[in-house]
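Only one structure is covered here, and it is reproduced in the block below.
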Amino acid sequence: MRYAENDQMPSTGRAPLRDLAQAQHKLIGSAVDTSVLASDAAYRAVLAREFSSVTPENVMKWQLVEPQRGVFDYTAADSLVQFAREHDQVVRGHTLVWHNQVPRWLTEAAFTTPELADILHEHILQEVAHFRGNINAWDVVNEPVNDDGTWRDTIWLRALGPDYVGLAFRWAQAADPQAWLYLNDFNVESIGPKSDAMYALVQDLLARGTPVHGVGLQAHLAIELEFPSTLRQNLERFAALGVHVAITEADVRIPLPPTPAKLAIQAEYFARLLQACLEVRQCVSFTVWGFTDAHSWVPRAFAGQGAGTPFDEQLQPKPAYVALSVVLRATVSP
Ligand code: XIL
């Protein structure tokens, strides 16, 4: 059963995105705020109706899962896994190794290199094992590269050098041999210095026999920036390495307030993003980073901007929603 009896469902007058996506052999997902999930029936209803994949927006991150060393709290994340099971959705695990949202006990103590290696190993092992069998794909390493293509300076790079990436993938695979394991980053939608570095990294990992199975392109876009027009070629070159690709965190922010003209550009950006994924067989999923403007990180992260998702603050579908729906109907994917 897809909906709880008392969940209200705004009517869109259209087939749910998940049904349209399924016909194209794609997953369509959203990031989920688990506190809203717990409190808002209308939010639950739209999530269940429209999406076949869910990603915890925060609650699988290190800071929330292991707030003290060796003390794990999976309560919120487990609630999402449960919701996904009840609504026949897959879960994208997000994320194991990142420089943000890490607990203080980890960043503020002066651990030695062997200690940090041990801490990272233990964290990955514990968390991946906890969710084993319930995770379709893990964002194992998030945002390892700078915009100029150099390595991002993180505690992991400092302690372990670039090898931390390969180690993380091996440890994740040992803990859950079934999950698809992804590298994930932003500003890698176009061909350029950053995506070139990601490409070289994936090539190198594969050459070493590392179990990397996918590349996630976050796709946090803005109507005031040019659309990444080399997106499809970029997806294709990664796919040609033998890995899956996915759009993992799509949103299209607009300078507030939204106007019909701005919403129309936004709709076109969403459509082009999804279209590129549909045109590449190895692009397995398309995830929006929150489906409603009522609960989106955009206004908090980008001053003066917002309204970046396909549903408005009243959970009504925006032109972007209609555009996604139209693309899913019109395209015959390979
Ligand atoms: C963001 C969340 O949306 C916010 O709620 C949180 O305060 C910060 O992190 N790239 C990622 C995501 O991989 O995890 C980030 O999510 C957005 C950028």
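Counting only strands (runs of 3 or more DSSP E) that sit completely within the range 211-326, those holding 2 or more residues that are at pLDDT 95 or above and open to solvent by 20 Å² or more (accessible area, probe 1.4 Å) correspond to 244-255.
Give the range 18-54 a look and list any residue that's within 13 Å of the ligand (Cβ to nearest atom) and either in contact with a helix residue (DSSP H, G or I) (Cβ under 9 Å, 6 or more places away or on another chain) or part of a loop (DSSP other than H, G, I, E, B) (or both), or say none.
Residues of the range 18-54 within 13 Å of the ligand (Cβ to nearest atom): 30-36.
Across the range 18-54, the qualifying residues are SER30, VAL32, ASP33, THR34, SER35, VAL36.
Within the range 168-184, residues that are under 11 Å from GLY93 (Cα atoms) and at pLDDT 95 or above have Cβ atoms under 7 Å from residues that are open to solvent by less than 10 Å² (accessible area, probe 1.4 Å) and assigned to a helix (DSSP H, G or I) in these pairs: LEU181/PHE169; LEU181/ALA172, counting only partners at least 6 apart in sequence or on another chain.
Being open to solvent by 10 Å² or more (accessible area, probe 1.4 Å) and within 18 Å of the chain's Cα centre (by Cα) is the filter; apply it to the range 41-60 and report the residue that is nearest to LEU20 (Cα to Cα). If we take residues in the range 41-60 being open to solvent by 10 Å² or more (accessible area, probe 1.4 Å) and within 18 Å of the chain's Cα centre (by Cα), then SER52 is nearest to LEU20 (Cα to Cα). Among residues of the range 76-89 that are farther than 12 Å from SER53 by Cβ and among the β-branched types (Val, Ile, Thr), those with a Cβ under 7 angstrom from a residue that is open to solvent by less than 80 Å² (accessible area, probe 1.4 Å) and in a helix (DSSP H, G or I), sequence gap 6+ or separate chain, pair up as VAL81/PHE131. Please find, within the range 55-86, the residue that is modelled with the lowest pLDDT out of those that are away from the ligand (no atom under 16 Å from the Cβ) and among the small types (Gly, Ala, Ser). Result: GLY70.
The values are calculated or read from the model by the stated rules, or taken from the named source; none is laboratory data. This is a predicted model, so every value here is computed, not measured. Note: ideal-geometry Cβ built from the backbone for every residue, glycine included; neighbour counts use all protein chains shown. SASA here: full protein model, heavy atoms, side chains in, ligands and nucleic acids out. Shrake-Rupley method; radii C 1.70, N 1.55, O 1.52, S 1.80 Å.
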